[in-house]
Amino acid sequence: MSAWLLAAWYDLRDLSGISREITEWVASWGPEWLASAVSGAIGAIGILAVIGPTLMILIWTERKVIARLQVRYGPNRVGPRGLLQPVADAVKLILKEELVPRAADKWLFFLPPVLVFIPALLVWGVLPFGPHMQVADLNVGVLFLLAVSGTNVLAVFIAGWASNNKYALFGAMRVIAMTISYEIAMVLALLTVVFLTGTMSINGIVLWQQQEDLILIVLLPMTALTFLLGATAELNRTPMDIAEAESEIVAGYHTEYSGMRFGLFYAVELANTLVMSAFMATFFLGGWWLWGLDAWVPSWIILLVKTSLVYFVFIWLRGTLPRLRIDQLMTFCWKLLVPAGLLFVAIAAVERTLLLEYAWDRTIALPVMAVINAAVTVAVIGAYARVTGAGAHRAPAGPRMARGRLGGLRAARQLAQAPSGSD
Amino acid sequence: MAIETPKRVHSEPVVVNIGPQHPSTHGVFRLKATLDGEIVQDVDMLIGYLHRSMEKLAEERTFTQNIPFTDRIDYLAAMSNNLSYCLAVEKLAGIEVPLRGQWLRVLFAELQRIASHAMANGTFVNDCGAWQTPLMYMFREREKILDLFEMTCGARLTTNYMRIGGVAFDPPLELWPALCSLLDEMPDRLEEYAALTVDNEIVLARSKGVGVVSAEAALNASLSGPLLRGSGVPWDLRKADPYCVYDQLDFDIPVGRDGDCYDRFRVRLEEVRQSVRILNQVVERIPGGPWQAEVPLHLRPAAGEAYARIESPRGELGFYVVSDGGPTPWRFHCRAPSLINLSALKEMTVGRSLADAIVTLGSIDIVVGEIDR
């Protein structure tokens, strides 16, 4: 009995075992291409089966967490604790009429909701859920991730253009300007990781962290921050949601989309947030590995927990921060993230050389490097804050008190000249 | 094959309609903005989408029947509008309001100011791009104030509480403990808002130096309320032309430094603090006695005219009433602060980005019901 339980537990820990057995069984009687196809199909079905329900739960989670941040209850009417709210929303969206503006480019208008879904699903293929649980362990996984997630912009631009709506066009223009800039910062961040770990395979990066017994956020805090901010920009989430800035351009590129087409945009936004959280967890928090715990707990649960943590940060940011202006966002990217990214690429290159060519003792070298990198991070951010004037962090002086001085311009001048200490 | 290339790229500004249905116009206000990329070249303010012909309708109704109209002029500060109109009619008919009535008027006008400023500051940070959070926090206190209104007069938004010659009802006894507990927690709440928004780096980046109006320009445009005070002019009708019992109360007028959106935001926050100070004094000092003067049911003021003005949450709110001796006003006019404050929008926004224009519009704190009437 206990042996059976243990076996079941082992299967749960590494779901790839099931896939392998089916594939081997197919290979035993069928041609080799069929086995590959079956293996791919199992992965694809597995991912689709995971994403659908996860999205439903995510919608509920995000609404609930935001509601708690905003001192209210959030959805609590449909189903127990409002858990069925996403289902109700989806049904509503499906039943709603899908309007197509008369002036829209009809064919292009149909495309974007479909197009945005493709990269959102494709990138899951290279995400390692466990040591063997990965649909495709590409040796250029990082490149694949960047290339595929970058195509999102195209769909968004098509949406903005085809809607023939000025708000949509503004949103699309903002997306392109911002995403391209932040993608550079993100590429530099991932380049730093690749330099240090010496591999472009995403599973390889996790294995490196396992082998060195350290998660990369400790070694590369600035890079992790850059990746997080780049991801925020790419996902159009506050404080960088200028693409769909509600208070300015209504809903940005998807202003004209209604019904389930809007639903698809919305779902993709959440799916992308989830996948970016997962990659953040993989690159910088050790992915499926957690100091040996992964031998006991299913690795995908560890990844899920880490992903949820990062996802919570995204929700937290959304619930807390106002939005920046586009020029402020660009300044932040080009004057801080990109130069800092380049600096850390250089630092990572030096550290890699020291570790490999000069074979420094890793148990001493890595902590020292972590401290140096953290110091450089603090210095870079501090210098940026000093240069832009944000560094002198003190609340600006509040209003003066009129204290009996009333009147028009003369009183205003008198009040302005009064020493601020006296009010 | 030669490819024809245009000699020079032709570009032209885009006209974008912000409103009448837009999340940031706070009603059905339409802003026609001419944009060069993201930069606002020109704004055209188009109003009238919420015009209900209040001023003409009021000429057909008796003086008392007009009070509910004033609720609907500025629906976020119904008490203030009631008060201003009643003051005008009392001035016209020469009615003396009993002392308790005057104190109750101050009490509810100041509660209304807190509620209205909470809304203004919440939507302002919302316009800066925060996703509803500040609004929800500020709504928490606004809800409690609206509960107090409901306790007193049964309505939350369009209160119709003031009467010519006083107020409609004496507040129920359970109002006072609820009010005291609200006043006790207000300082903590204000600290919380300040901690969340006042030093927030993004709020600063978005509102400091945005939508600046100098003191001269503010006076020339006859701005009033937090806009005028934000520009550094110490002008508040509660001090400059005291009505009710404001001359017996101890409070301060906060005045901004630079006249930007951030200053207006800070002035409003500080005014809430001062209102709490006033309310504490009211709770301590409110006298007993009647709360309503004896006013004839069919009020027929002698022929003449009267203008009464108060410091509403949005600025100088005045009602001008002319009587020809009949039961209805011959002319009823409202000097709406939102309309006049809005006139400075063009100066504040041209040459800056669209995002700044939205923040500036949010900082003016318009109520479209008051603009169009």
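Screening the candidates A:Arg63, A:Arg20, A:Arg13 for the property of being touching a Gly at 6+ places or on another chain (Cβ under 8 Å) and either hydroxyl-bearing (Ser, Thr, Tyr) or modelled with pLDDT under 80 (or both) yields one hit, A:Arg13. Scan region B:219-233 and tell me whether some residue there is assigned to a loop (DSSP other than H, G, I, E, B), at the interface with chain A (Cβ under 9 Å from one of its Cβ atoms) and β-branched (Val, Ile, Thr). The answer is yes, given that some residue of region B:219-233 is assigned to a loop (DSSP other than H, G, I, E, B), at the interface with chain A (Cβ under 9 Å from one of its Cβ atoms) and β-branched (Val, Ile, Thr).
For region A:405-412, the criterion of a residue being basic (Lys, Arg) and either away from every other protein chain (no Cβ under 14 Å) or within 30 Å of A:Trp208 (Cα to Cα) (or both) is satisfied by no position.
Regarding region B:86-94, can at least one residue be identified that is outside any helix (DSSP H, G or I) and either in contact with a helix residue (DSSP H, G or I) (Cβ under 8 Å, 6 or more places away or on another chain) or away from chain A (no Cβ under 14 Å) (or both)? Yes, because at least one residue in region B:86-94 is outside any helix (DSSP H, G or I) and either in contact with a helix residue (DSSP H, G or I) (Cβ under 8 Å, 6 or more places away or on another chain) or away from chain A (no Cβ under 14 Å) (or both).
Every residue, every condition in (1) in contact with an Asp or Glu (Cβ under 7 Å, 6 or more places away or on another chain); (2) over 22 Å from B:Ala115 (Cβ atoms); (3) in contact (Cβ under 8 Å) with a residue 12 or more places away in the chain, yes or no:
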| site | (1), (2), (3) |
| --- | --- |
| B:Asp170 | no, no, yes |
| B:Pro187 | no, no, yes |
| B:Asp199 | no, yes, no |
| B:Ala215 | no, yes, yes |
| B:Phe251 | no, no, yes |
| B:Gly259 | no, yes, yes |
| B:Ile278 | yes, no, yes |
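Checked against the criterion of being part of a helix (DSSP H, G or I) and within 14 Å of chain A (Cβ to nearest Cβ), region B:144-155 contains one or more residues that satisfy it. Close Cβ contacts (under 7 Å, 6 or more residues apart or on different chains) running from residues in region A:181-198 that are without any contact (Cβ under 8 Å) to a residue 24 or more places away in the chain to residues that are surrounded by fewer than 20 Cβ atoms within 10 Å (Cβ to Cβ) and of a type in the set (Phe, Trp, Tyr) comprise A:Thr197/A:Trp208. In region B:20-39, is there at least one residue being surrounded by 18 or more Cβ atoms within 10 Å (Cβ to Cβ), of a type in the set (Phe, Trp, Tyr) and under 30 Å from B:Phe251 (Cβ atoms)? No; the residues of region B:20-39 include none that is surrounded by 18 or more Cβ atoms within 10 Å (Cβ to Cβ), of a type in the set (Phe, Trp, Tyr) and under 30 Å from B:Phe251 (Cβ atoms). In the set B:Leu182, B:Leu190, B:Leu204, only one residue is out of contact with any strand residue (DSSP E or B) (no Cβ under 8 Å at 6 or more places or on another chain), farther than 15 Å from B:Asn341 by Cβ and within 8 Å of another protein chain (Cβ to nearest Cβ); that residue is B:Leu204.
Checking each residue in region A:305-364 for being at the interface with chain B (Cβ under 10 Å from one of its Cβ atoms), among the basic types (Lys, Arg) and part of a helix (DSSP H, G or I) picks out only A:Arg318. Determine, yes or no, whether A:Ile66 is closer than 17 Å to A:Ser277 by Cβ, within 14 Å of chain B (Cβ to nearest Cβ) and β-branched (Val, Ile, Thr). Yes.
The values are calculated or read from the model by the stated rules, or taken from the named source; none is laboratory data. Everything numeric here is computed off the predicted structure, so don't read it as measured data. Cβ sites come from the backbone with ideal geometry, for glycine too, and all protein chains shown count toward neighbours.
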